[in-house]
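Read the structure below first, then the notes.
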Amino acid sequence: MKTGFIGLGHMGSAMAKNLILAGHEVTVFNRTPGRSRALVQLGAHEATDIAGTCHGEVVITMLADDVAVTDTVLGTDGVIANLPRDAIHISMSTISVALSRRLALAHWQAGQRYVAATVMGRPDMAAAAKLFILAAGDPATVEACHPLFDALGQKTSNIGREPAAANLVKLTGNFLQAAVIEALGEAVALAGKAGIDRRAYVEVLTSTVFTAPAYKIFGPLIAEGKFEPAAFAAPLGYKDIRLTLAEAENLRVPMPLAGLLHDRFLRLIAQGGDKLDWSAIGGLATQDASARQSATTSSMSSAN
């Protein structure tokens, strides 16, 4: 398929590469120059602006947040202004439910088609074309996109006709992963302070009843305190929890655990953790345990 691809970060570059390798005609664009060289060498065309990506059957956006997507898609020279009638925009970014609804309406008014197709998986899964794709939109349009989805992931799940449903499912998925990270962090901190080897502890957990990928991925990172380089930076995790809470407020659904996670991410970023992986919130419990130990030792020394 003749496809435009906008957004060449860690995830987007790997995804665009897999589309090229699968034989699709891909034109790439990134707002920050210099990231397309390797893709062009593989056979991609390079656009000098957003309009240059909008001459085919499909344009895919894989961008960081609502601001980037709004500017790229709804801007004066954006996707909607340049995409032909009946062409398809696939938004694969993790964005708010409200923005996804706004995009759906704007594309409908322009006579274009819109699919939200969020992804579950880290950059290594993107590179291996093993992403899990959550697609929502008009069934015929989603079906037309399957050749692209098949080149990007190991499984595509159809979430329904309403595109924003895919965005909400992705946000709740990231909320659940963040909850796993926090729980692992607290458990590892407790075991470690008791003198149990942290790595061995995680190995026991992940080889018995906690065998899900989230535990296997984040457990060793937390046990080793290895939060750089970031596969998914902490500010992105913070953004996703904020968007989850925004929709929870809109639907009047209390989410006390999401509130806790919001504050954990905020603390991490306030401490200068902007460039750390989002799993670094799992290291905060160890910080707390060490701080309490130091405070207790200091208090005892003063008393003596």
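General remarks:
- Lone unmet requirement of (1) in the same structural domain as residue 233 (by TED's automatic domain parsing); (2) among the polar types (S, T, N, Q); (3) in contact with a Leu (Cβ under 8 Å, 6 or more places away or on another chain) for residue 177: (3)
- Annotation: residue 132 fulfils all but one of (1) of a type outside the set (Gly, Ala, Ser); (2) in contact with a Phe, Trp or Tyr (Cβ under 8 Å, 6 or more places away or on another chain); (3) under 19 Å from residue 218 (Cα atoms); (4) not in a helix (DSSP H, G or I); the unmet one is (2).
- Flag if residue 230 is touching a strand residue (DSSP E or B) at 6+ places or on another chain (Cβ under 6 Å) and either small (Gly, Ala, Ser) or surrounded by 15 or more Cβ atoms within 10 Å (Cβ to Cβ) (or both): yes
- Of all residues in the stretch 109-143 being without any contact (Cβ under 8 Å) to a residue 60 or more places away in the chain and among the charged types (D, E, K, R), the one that is surrounded by the fewest Cβ atoms within 10 Å (Cβ to Cβ): 143
- Residue tally, condition part of a loop (DSSP other than H, G, I, E, B) and more than 20 Å from the chain's Cα centre (by Cα), over the stretch 73-126: 12
- Exactly one residue out of 204, 209 is part of a helix (DSSP H, G or I), aliphatic (A, V, I, L, M) and either in contact with a Ser or Thr (Cβ under 7 Å, 6 or more places away or on another chain) or over 23 Å from residue 165 (Cβ atoms) (or both): that is 204.
- The condition (being assigned to a loop (DSSP other than H, G, I, E, B) and among the β-branched types (Val, Ile, Thr)) is satisfied by just one residue among 70, 32: 32.
- Close pairs (7 angstrom Cβ cut-off, 6 or more residues apart or separate chains): in the same structural domain as residue 9 (by TED's automatic domain parsing) in the stretch 30-46, at pLDDT 95 or above and of a type in the set (D, E, K, R) anywhere: 36/46; 39/17; 40/46; 42/17
- Filtering the stretch 10-38 to residues that are touching a Lys or Arg at 6+ places or on another chain (Cβ under 8 Å) and either modelled with pLDDT under 95 or farther than 21 Å from residue 83 by Cα (or both) leaves 13, 38.
- So residue 156, is it of a type outside the set (A, V, I, L, M), outside any helix (DSSP H, G or I) and more than 25 Å from residue 99 (Cβ to Cβ): no
- The condition (being among the small types (Gly, Ala, Ser), assigned by TED's automatic domain parsing to the domain that holds residue 192, touching a residue at least 12 places away in the same chain (Cβ under 8 Å) and not in a helix (DSSP H, G or I)) is satisfied by just one residue among 273, 283: 273.
- Residues located in the stretch 7-29, provided they are at negative phi and assigned to a loop (DSSP other than H, G, I, E, B): 8, 9, 22, 24
The values are calculated or read from the model by the stated rules, or taken from the named source; none is laboratory data. No experiment lies behind these values; they were computed from the predicted model shown. Note that each Cβ is placed from the backbone with ideal geometry, even for glycine, and that neighbours are counted across all protein chains shown.
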